[in-house]
1. For q = 0.33 Å⁻¹, what log10 I(q)/I(0) does the range 209-252 give under the Debye formula with an equal point scatterer on each alpha carbon and no solvent?
2. Write down the radius of gyration of the range 150-229 and its Dmax, each obtained from C-alpha positions, in Å.
3. Work out the P(r) tail for the range 168-375: percent of alpha carbon pairs separated by more than 30 Å, whole number.
4. What is the distance, in nm, between label points placed 7 Å from the Cα along the Cα-to-Cβ direction at Ala329 and at Lys347?
5. Regarding the chain, what is the average projected area of its C-alpha convex hull, in nm²?
6. Hey, rough spin-label estimate for Glu379 and Gln155, points 7 angstrom out along Cα→Cβ, what's it come to in nanometres?
7. For the range 55-162, what is the Kirkwood hydrodynamic radius in Å, using each pair of distinct C-alpha atoms?
8. Dipole of the chain, Cα-centred, from +1 at each Lys and Arg C-beta and -1 at each Asp and Glu C-beta, to the nearest 20 debye?
Amino acid sequence: MLDVEIGDPHRVTIAPRGGGEESTVQARWIVDASGRSWILKRKLGLLEDNGHVVNSSWFRLAGGLNIEDWADPDDEEFFGRMSERGLRQFSTNHLCGKGYWMWMIPLSSGAISIGIVADPRFHSMDEMNTLDKSIEWIREHEPQLGEAVDARRDQVEDFLKVEDFSYGAKQAFSGRDRWCLVGEAGAFLDPFYSPGSDFIALSNTLATDLVTRGLDGEDVVERAEAHDDFYLNAYRVHLTQYEGQYVFWDNPTVMNVKISGNNIYYWGCLGLLFFHRKLTDLELMAAVRPDMERMWAIITRLEPMYREWNELEQREWRRAMVPSAAFPAMFDRHRDMIAGFDDDAIKARMRVNADLLEAYAVLAFNRAARNLGDAAPGEDEKINPYAVSLDRRGPPV
């Protein structure tokens, strides 16, 4: 697609890949899946910057990588955490540090994708904008991985990079003008938690609902407004999980609490609704919206508190393991996604999950507030989960 003119019908200018004669086609609906080309988004002036400035470089290493090779083969504590040896090489693993994290993702081809994601306030893109620089950066910050990659430079299959990759959209769906933005043509947050795939699924689901209903003759103007409102709010809540947060990526105490809270929301709200195919059920979505907004409010309040906590408490952990299955309140939300709930059960579960996040916010605050000394609230003091803060001028009530 080279260009698009919004009208009735729309007119799309196309040309064969690699060049050739241009032609024009007409369409009732336009779904922009052009990725970072942003053809329709640019045309309509919908590109929106956000405050999350992060860079990335990555490459594929042929033959994969088994992190168990880094461990002492006689270390039964390490190997005993898995049902059998050798399984870790089939899992995605993350390495986290001050201002950065790295992914190690095994691929079906047998190679492993290794990527750096870093906040330029801590790690300049100039330090990782070539393969050689990236390997040297890894050798400095993750020596075990760096040594393994450096010894196999001849097995590196490619190298890619992207700078300031996060962005939003002012609008993603229009029922009146019959267009949709999907995938990376819409909004993109961050690779951590892989929300790119989530928002592809969300936008494709909502776009398909609008196009099929619209082509069947249904008036989808209000439906598109509802879908757009949900999509953009979900994006903005998720943005708070990343924007400014890389400052404590090296703090395991704070990160464990953050990840658990984020997962309760993710599995207990978006995952629950998506897996039960309810995102396009406007009646149910309206019914659960108050509880969804409760969860949104808590997540957006907790994220700045994590930064405050990091300023108060930083300690090194060694040989610590926090298995998610040992935290039933979080792990059960995962299983709920495939529970086959009816509408009443979904509404009830959303209320329970919002209540759970309220309690989690108070629990996280009380744990962090130990660092406030005499300024910490008393054990019997009531805490407002929607106002938790570690500001020393006084605890929330």
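1. -1.04
2. 17.7, 62
3. Working: 5776 of 21528 pairs.
So the pairs more than 30 Å apart make up 27 percent of the total in the range 168-375.
4. Modelled inter-label distance: 2.6 nm.
5. Numbers: hull surface 93.8 nm².
Hull-based average projected area comes out at 23.5 nm².
6. Between Glu379 and Gln155, the label points sit 5.5 nm apart.
7. Every distinct Cα pair counted, the radius reaches 14.4 Å.
8. On the way: 44 positive and 65 negative charges, 81 e Å.
Dipole of the chain, to the nearest 20 debye: 380 debye.
Where a number appears in this text, it was derived from the coordinates with a stated rule and is not lab data. Since we're looking at a predicted model, the values are computed, not measured. For neighbour counting, all protein chains shown are included, and Cβ atoms are generated from backbone atoms with ideal geometry for every residue, glycine included.
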